[in-house]
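*Asks:* Here you go, one structure.
None of the figures in this text is laboratory data; all of them are computed from the coordinates on show. Here the structure is a predicted model, which is why all the values come from computation and not from measurement. Neighbour counts are summed over all protein chains in view; Cβ atoms, including those assigned to glycine, are modelled from backbone coordinates with ideal geometry.
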Amino acid sequence: MMRAIGRIAEPPPTQTRSAPGAPPAPLGGSVQIRHVDAGSCNGCEVEIGAAFGPVYDAERYGARLVASPRHADALIVTGVVTRNMAEPLRRTYAAVPAPKRVVAVGDCARNCGVFAGAYGVAGAAGDIVPVDAEVPGCPPRPEAIVAAVRELTGR
């Protein structure tokens, strides 16, 4: 039986925060992204598929969609956050290791769009989790989604 003696690993680096109100620094390098559909009409999902498809190829900028929030560096949230999806979105955000970023894609995720005030709507993505970037549009163009991904990767 082996027993670890002393220090096994170096302490984690201290987190450097940007000035209040300043945009967060890019994550840099390769960025793993978890997509969360919080209650959309699937228009944004089609455009995200196009952005990561062979024509727009967001992966060439170092971004990749992953299946688990524990493997992710950032979240892409689409749709209004419905009452049933508010808690799962909070849990998904909590499962992403720090430092993490959140991108609200589409008008619904930004400000509830045409669904503002509807019965089953808990709010926009920014009402539930902190949002670092927004991509406007209903649905947004793949070029706009790729531009947001490039801001995350710094490329």
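*Asks:* With charges set only on the Cβ (+1 for Lys and Arg, -1 for Asp and Glu), what does the dipole of the stretch 31-153 come to about its Cα centre, in debye to the nearest 20?
*Replies:* Value, rounded to 20: 340 debye.
*Asks:* For the stretch 31-153, what's the relative contact order in percent, using C-alpha pairs closer than 8 Å and at least 6 residues apart?
*Replies:* 31
*Asks:* Neighbour counts of other C-beta atoms within 10 Å: give me Tyr61, Tyr119 arranged from fewest to most. Don't jump to the answer; show the numbers that get you there.
*Replies:* On the way: Tyr61 18, Tyr119 7.
Listing Tyr61, Tyr119 from fewest to most nearby Cβ atoms yields Tyr119, Tyr61.
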